[in-house]
Structures are given as structure tokens and as C-alpha cells.
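The values are calculated or read from the model by the stated rules, or taken from the named source; none is laboratory data. Model, not experiment: these values are computed from the prediction. Backbone-built Cβ (ideal geometry, glycine too); neighbour counts: all protein chains shown. What goes into the accessible areas is simple: the full protein's heavy atoms, side chains included, and nothing from ligands, DNA or RNA. Shrake-Rupley method; radii C 1.70, N 1.55, O 1.52, S 1.80 Å.
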Amino acid sequence: MNDSIRNTIKELIAETIEGKLSNSTYYIDAKQDTGIFGTIHNLSLEEVNTSINGASIASHIDHTRYYLWVMNYCIENRTEPAINWQDSWEITPVTAEKWQNIKSELLTEYHRLLRLADRENWEPEDNSGILSALTHSAYHLGAIRQLAKNFIS
């Protein structure tokens with residue numbers, strides 16, 4: 001994998017999850033708190049649990065965490081784990097402890113993905129796993145930001 005492409009992909013993953021990391025951005029608003037963690041940082045437990053059109057911010061975050069876990073597992077083990085996409089959306093209102101765990105696990109999977117993306121030699125299936133994790137997370141960032149507009153003034 002070309003170093004420039006690998007570094008750009010890692011920067012895009014970081015921008016999606018963490019938000020603005022320098023003076024410029026690739027695709028999100030060039031201001032602070034525009035990545036997933038910045039978007040949810042100041043939201044209350046009630047706000048992240050509010051279902052809007054059948055999904056809550058908590059459910060999007062947990063689904064994103066689950067998706068990253070699946071892709072990371074596939075890349076590391078060269079096989080798919082038992083996957084239940086339906087269950088990844090069946091999140092009921094979360095407690096403060098559960099919400100903290102979901103965010104912590106998302107952070108863990110994000111760092112795991114960055115480590116995998118940092119390897120010099122990618123296998124062909126790494127391309128699809130890492131790029132799928134990036135684009136899927138970006139999709140959910142957009143959905144989360146739209147839902148968060150209901151609560152951010």
C-alpha cells in the first residue's frame with residue numbers, strides 16, 4: 001500500500017470519528033466537534049436515547065461500534081464472525097453506564113481500525129474491510145449529525 005494513500009485513509013478515519021485534527025479537513029465542517037465523538041460530546045442521556053424515525057443517536061453509535069468490530073475481526077482473522085445485523089439495531093434506551101460502555105467500545109474499535117490501517121502490507125480483503133469501515137462510519141456520522149440537530153441550538 002502506498003504510504004500517501006494509507007496515511008490519507010487513516011486521516012479520513014480519524015476525521016470521521018474524532019473530527020477536525022488540523023487547520024483543514026477532507027470532508028467535514030472545518031470547525032471543532034464535527035466528528036462522531038465531538039457531535040455526541042455534549043448531548044444528554046435523554047437526547048441520545050430519543051428515537052427519531054425509528055433510530056436514536058445511541059443506536060447509531062452502537063451500530064457503528066458493532067460494524068467496526070465486524071470489519072476489524074474480518075481483517076484480523078480472515079474470516080467473518082457470527083453476524084446479526086438486526087440485533088445491532090435493537091438497542092433500547094441506554095443507561096448512563098451502558099452509554100459510557102458503548103462510547104468506550106467504539107473508541108477501542110476505532111483505535112483497532114487505525115492500527116490495522118497503519119500496516120504496511122495490506123491484503124486485498126483489507127482494502128474492502130478498511131474502506132467499508134471508513135465509508136460506513138461516515139454515513140452514520142451524517143445520520144448522527146442530522147439527529148443531533150434536534151438538540152443543538
Could you check the range 1-28 and list, in sequence order, the residues that are of a type in the set (D, E, K, R) and in contact with a Gly (Cβ under 9 Å, 6 or more places away or on another chain)? Glu15, Glu18, Lys20
Does the range 42-49 include one or more residues that are open to solvent by 80 Å² or more (accessible area, probe 1.4 Å) and closer than 17 Å to Gly19 by Cα? yes
Looking at Ile144, is it within 22 Å of Tyr26 (Cα to Cα) and open to solvent by less than 70 Å² (accessible area, probe 1.4 Å)? yes
Considering every residue within the range 90-111, establish whether at least one is within 16 Å of Ser59 (Cα to Cα), aromatic (Phe, Trp, Tyr) and either under 17 Å from the mean Cα position of the chain (by Cα) or exposed (fewer than 12 other Cβ atoms within 10 Å of the Cβ) (or both). yes
Here are some conditions: (1) within 18 Å of Lys10 (Cα to Cα); (2) in contact with a Ser or Thr (Cβ under 7 Å, 6 or more places away or on another chain). Ile91 meets all but one. Which one does it not meet? (1)
Please go through the range 9-24 and give me each residue that is under 17 Å from the mean Cα position of the chain (by Cα) and among the hydroxyl-bearing types (Ser, Thr, Tyr), ordered by number. Thr16
